[in-house]
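Notes follow the structure.
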Amino acid sequence: MSETILRVENLVTHYGETKVLDGVSFDVEKGEIFVIIGGSGCGKSTLLKHMCGLLRPTSGSIYYGDRDITVMDEEELVTIQRAIGIALQSSGLFNSMTIGDNVAMPLREYGNVDPALIDAVVRMKLSLVGMATAQHLMPSELSGGMRKRAGLARAIALDPPVVYFDEPSAGLDPIMAAGLDDLILDLRRMLGTTFIIVTHELDSIRKIADRMLMLDRGKTVFLGTVDDVETQGSDRVRQFFDRRADEYITQRNI
């Protein structure tokens, strides 16, 4: 029987008078690769920030187990945030620090790790993402794909049960993107990590997603597997997967 690791209930969010999320509900199972998709401006990144506790919604709930992070005070929320990993679209590495120091930072700041063991843990995490020899390099010495991998190594430094990944393939060539997809699948297999990933890359979605949530204008328009798209997806969902332009855009540009 599957175990729910996270549950979102009727999430509503406004930026000023604009409703960005409109009654979004879903759950994520332990060990699942759960992908959030949709067009630009549909609310994907806003939803991710809510699940990380970086934004508070207008209404609704986000449960980790039986704990609702939307009503927590800052001290409680920080405790939850330390138990999740976040890999940003830009990698989020500190340019003034070596890759090893970047990965070591959460271990030093939040981890209950013997300082004498930190270097060994850093090497292990970098090895997991295929960067065992990169510990002493600076971020500026790495390619875009390597920076993504280093950011992921830092995200898993504390062995979090959940890792959030924002647009992992953005800016990467197809070969590097495919390698990152393989890495995500390998980490899930080896560590049992639950991944929640925001992306619009169709090849990645088809390769890694166990289930996906599609947003359109802040509302859920699809929740299911890639195979479900053909049988259960609306025309809007199939349009996304078929890469068909909106008619008004096509007409406007003729």
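Computed values, structure above
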| read-out | value |
| --- | --- |
| Residue in region 51-62 that is touching a residue at least 60 places away in the same chain (Cβ under 8 Å) and under 30 Å from T13 (Cβ atoms) present | yes |
| Test: R189 is among the basic types (K, R) and under 21 Å from Y164 (Cβ atoms) | yes |
| Hits in region 201-215 (condition: surrounded by 18 or more Cβ atoms within 10 Å (Cβ to Cβ) and either small (G, A, S) or at pLDDT below 90 (or both)) | E201, S204, A209 |
| Residues of region 207-223 classified as free of Cβ contacts under 8 Å to residues at least 60 places away in the same chain and within 20 Å of I184 (Cα to Cα), total | 1 |
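One line per residue, one yes/no per condition, for (1) surrounded by 16 or more Cβ atoms within 10 Å (Cβ to Cβ); (2) among the hydroxyl-bearing types (S, T, Y); (3) assigned by TED's automatic domain parsing to the domain that holds Y63:
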position: L117; (1), (2), (3): no, no, no
position: L126; (1), (2), (3): yes, no, no
position: P168; (1), (2), (3): yes, no, yes
position: L191; (1), (2), (3): no, no, yes
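The values are calculated or read from the model by the stated rules, or taken from the named source; none is laboratory data. Please read these numbers as outputs of a predicted model, since none were measured by experiment. FYI the Cβ positions are ideal-geometry reconstructions off the backbone, even for glycines, and counts take in every protein chain you see.
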